[in-house]
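Following: one structure in C-alpha cells, then a few remarks.
The values are calculated or read from the model by the stated rules, or taken from the named source; none is laboratory data. Predicted, not measured: the structure shown is a model, and the values here were computed from it. Methodologically, a virtual Cβ is constructed for each residue, glycine included, from the backbone with ideal geometry; neighbour enumeration extends over all protein chains shown. For the accessible areas, the whole protein counts, side chains as well, though only heavy atoms, and no ligand, DNA or RNA atoms are used. Shrake-Rupley method; radii C 1.70, N 1.55, O 1.52, S 1.80 Å.
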Amino acid sequence: VSDLNLDADVVVVGSGAGGAVVACHLAEAGHRVVILEEGPWIKPEVYGQMRPSETIRHLWREAAMTFAIGLGDSPMINVMMGRCVGGSSVLTGGVCFRTPGHIHHIWQHERGLRELSEAALAPCFDDVERVVKVQEVPVSMRSQSTVLFGKGLEKSVGVSLVPLRRNTEGCQGKSRCNFGCPHGAKLSVDRAYLPRALAAGAQLFPEVLVSKVVTKGGRAAGVVGKRVEGTERRVTGKVRVNAPTVVIAAGAWHSPLILQASGVGRWKDQVGRNLTVHPAFRVMGAFAEKIDGWKGALQSAFTDRFESEGMTLTSLFVPPGVLAATMPGVGQTHLAKARLIPHLGIFGGTVHDEGSGVVRRAWVGREPVVTYAMAAKDKAVIAPMLTRMAEIWFAGGAREVFLPVLGSEGVRSMDQLKRLHLETLHGSRFESGSQHPLGSTRIGNSADSSVVDSYGQAWDLPGLYCADGGVVPSSLGVNPQLTIMALATRIAWRMRERLPRRAAVA
Ligand SMILES: Cc1cc2nc3c(=O)[nH]c(=O)nc-3n(C[C@H](O)[C@H](O)[C@H](O)COP(=O)(O)OP(=O)(O)OC[C@H]3O[C@@H](n4cnc5c(N)ncnc54)[C@H](O)[C@@H]3O)c2cc1C
C-alpha cells in the first residue's frame, strides 16, 4: 500500500480537454499544480501502435460500454469517453468548431450570460486554436465515402459539403483517430497542453480516482480519493491533496458524482441535471464498386444546411475490423455482411438536443446511472434526418442503404424506406451513439438554474471550480472540444488573475 499525501496551490481532477488546459495555464503562472487522473498514462508513441481492441481496453472508459438509459420514447444511447491521461481528447476525430453564433445568442439573450459573447470568447478560441494547431482539412484528404455523400448532397439538395477544421499537423489519413493517432499527428491535450504543464512544474498522478472535495471553514480545501492501478484497477492506497483551490474537470459524466458526494449544490438540485449528449446516428450507403472508405481523413467535411431543423451531418468512418464487429449475423451471414465493408460509405447525423439527461450516483459500482428522456421535439428529428441521409446516399449512387434501426435489413429504394414508417418507431428501436456529454454542472447566472458562474466558480463553495464539458451552458449542435477548451481557458485566465501569488515564490 502506498498512500499519497500532497500539498498544492491548485489540484485539478481530470486531465482531459478541460483539466489539461487549466492545469497548463496555472502551472505556467507559477502555481503549484497537482493533476489527478483516474486513467493510465499511456504515451502517444505507445497507444499509436496499439490495435483498436487494445485501445478500447486501455484508453476508453469501460471499453466503450457506457450508456444513457433511454426513458420513455428515447433511444438507449451509447455515450463514449476516454479514461486515460488526456481524457476523451485522445480519442477525438480531431473535429474543431468554435461555438456557433446562434448559440452565443442563446447564452446571452436567453440565459442572461452577456459576458459569453462571441467577441468576448474570441481571444480564448484564438489561443486554443494556436496551441492545438487547428487547420482546415484539404479536399484532397476526403475519403471516397465522403466524396460520394457530397455528390449526393449536391444532387439532391443543391449544396456542397463544407471542409471541417481539425487539430492535426501532418495527418496521414489512416482513419483511426478514435483509437489514438498512430502518427502523433493529432494535437490532443496530452501532446499540446500537458507537456507544457509538466515543464512548468505541475505534477501529474495517473490512476488516482478522486471521490470527494474536502472543505474547511466553508471553503474548498482539497480532495480525497484512492489509487486504482492496472487494468484490474487494484486499490493500492489512499490519496489526499490539500489545496485551497480545487478544479473539478472529470467530464460531464463524472464531475457531478464528485460534487454530489461533497454536498455541493445540495439545496438547489442542479448538479447532474441538464445533461445533453448530441444523440448521433450512422447511416451507411452500399455501392456496387469498392470505395475503401477508410482511406482518407476519418472526418473531413460536414453540412450545417439543416441546422434550423436541429440536425448536423458530418463525415466519418470506422476502421474495418471494428465495423465488422458491429455487423449483424453469424457465420456465413456475418461474413457476407463484412465483405460489404469496402463498398460502404458512412455518414453521421447529430441531433442538436435539449438538456434532458440526469447523472446520479449508482448504489453499487463506480459508474453513474445516467437517464435520458429525449424531448419530443428531438425525437421528431430522428426520422426526417435518417430519411434525408438515405436520400442523399441514393442520389450519390448507393444501391442499398443501412439505417440505424435495430433488426432492420438494408433498404434498396426510398419506397422501401417509407414502408418502415420511421416516424412511428419507438425511440428504443434506434441505435444511437454519443461522444458529447455536456451541461451537467452548467454555467448560468443563478444557483437556481446552474451549478457554476461563468468563471467556473461553484455558487455555494468558495475555492471550488468546474472546467470541463459539464460547464457548457447548453447543447451546441456541433462537436464541443474547442468550446470546452475555450471556456477552460477563460476560467484559467481569470483564476490566474485572482489566485494569491504566494505559490509563485514557493
Ligand atoms: C470517440 C470520441 C470522439 C470524439 N471526437 C470529437 C471531435 O472530433 N471533436 C470534438 O470537438 N469532440 C470530440 N469528442 C468529444 C471530446 O473529446 C470531449 O467533449 C472532451 O474531451 C470533453 O472534455 P472534458 O474535459 O469534459 O472530459 P474528458 O476529456 O473526458 O476528461 C475527463 C477526464 O477525467 C477523468 N476522470 C473522471 N472521473 C475522475 C475521478 N473521479 N478522478 C480522477 N479523474 C477522473 C477521466 O478519466 C478523463 O480522463 C469525442 C469524444 C470521443 C469519446
MRE, 222 nm, helices only [DSSP H, n ≥ 4, -39500 (n - 2.57), over the chain, to nearest 500] | -8000 deg cm²/dmol
For the chain, what does the alpha-carbon gyration tensor say about shape, rounded, prolate or oblate, given a ≥ b ≥ c as the root eigenvalues, a/c under 1.5 as rounded, and a/b over b/c as prolate?
-> prolate
The size of the Cβ-based charge dipole (Lys, Arg +1; Asp, Glu -1) of segment 195-257 about the Cα centre, to the nearest 20 debye, is 240 debye
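Keeping all protein chains in place and using 1.4 angstrom, which order do K186, K238 fall into by accessible surface area, from largest down?
Ranked list, largest accessible area first: K238, K186.
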For the table K290/K379; K295/K379; K290/K418; K216/K268, the rows whose alpha-carbon distance is greater than 24 Å are K290/K379; K295/K379; K290/K418
In bins 5 Å wide, starting from 0, what share of all Cα pairs of segment 360-506 does each bin hold, as a percent?
-> 2, 7, 13, 13, 13, 12, 10, 9, 7, 6, 4, 2, 1, 1, 0
How big is the accessible area of D292 in square angstrom, nearest 10, if you roll a 1.4 angstrom probe over the protein chains?
-> 40 Å²
Could you give the distance between the Cα centres of segment 434-506 and segment 204-263, to the whole Å?
-> 17 Å
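So what is the relative contact order of the chain, in percent, for Cα pairs below 8 Å that sit 6 or more residues apart?
Details: 1278 pairs, mean separation 125.0, N = 506.
Over the chain, the number comes to 25 percent.
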Please identify which residues in segment 1-25 have an amide N closer than 19 Å to a label point set 7 Å out from the Cα of V214, following the Cα→Cβ vector.
-> 2-14
Convert each backbone phi in segment 218-230 into a coupling constant with the Karplus relation 6.51 cos²θ - 1.76 cosθ + 1.60 (shift: θ = phi - 60°), then list the ³J(HN,Hα) values in order as whole Hz, x for Gly and Pro.
-> x, 10, 5, 9, x, 9, 10, x, 9, 7, 10, 10, x
For segment 315-389, just say rounded, prolate or oblate: build the C-alpha gyration tensor, square-root its eigenvalues into a ≥ b ≥ c, call rounded for a/c under 1.5, and beyond that prolate if a/b exceeds b/c, oblate if not.
-> oblate
Please work out the Cα center distance from segment 319-358 to segment 113-127, rounded to the nearest Å.
-> 38 Å
Per-residue accessible area, 1.4 Å probe, largest first, puts W459, W363, W253 in the order W363, W459, W253
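Taking the Cβ of T168 as the centre, find all other residues whose Cβ is under 9 Å away and add up their charges (Lys, Arg: +1; Asp, Glu: -1). Don't skip to the end; give the middle numbers.
On the way: positive: K133, R166, K186; negative: E169.
So the surrounding residues net to +2.
So which trypsin sites (Lys or Arg not before Pro) in segment 332-439 end up in coil per DSSP with only 16 or fewer other C-beta atoms within 10 Å?
Details: sites: K337, R339, R360, R361, R366, K377, K379, R388, R399, R412, K418, R419, R429; in loops: R339, R361, R366, R399, R412, R419.
For trypsin sites (Lys or Arg not before Pro) across segment 332-439 that sit outside H, G, I, E and B with at most 16 neighbouring Cβ atoms in 10 Å, the list reads R339, R361, R366, R399, R412, R419.
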Among rounded, prolate and oblate, which fits segment 1-110 when a ≥ b ≥ c are the square roots of the eigenvalues of its C-alpha gyration tensor, a/c under 1.5 means rounded, and a/b larger than b/c means prolate?
-> oblate
Unit charges at the beta carbon, dipole of the chain: most positive-side option, M65, A199, L344 | A199
Quick one: dipole size for the chain, taken about the Cα centre, charges +1 on Lys/Arg Cβ and -1 on Asp/Glu Cβ, in debye to the nearest 20.
-> 720 debye
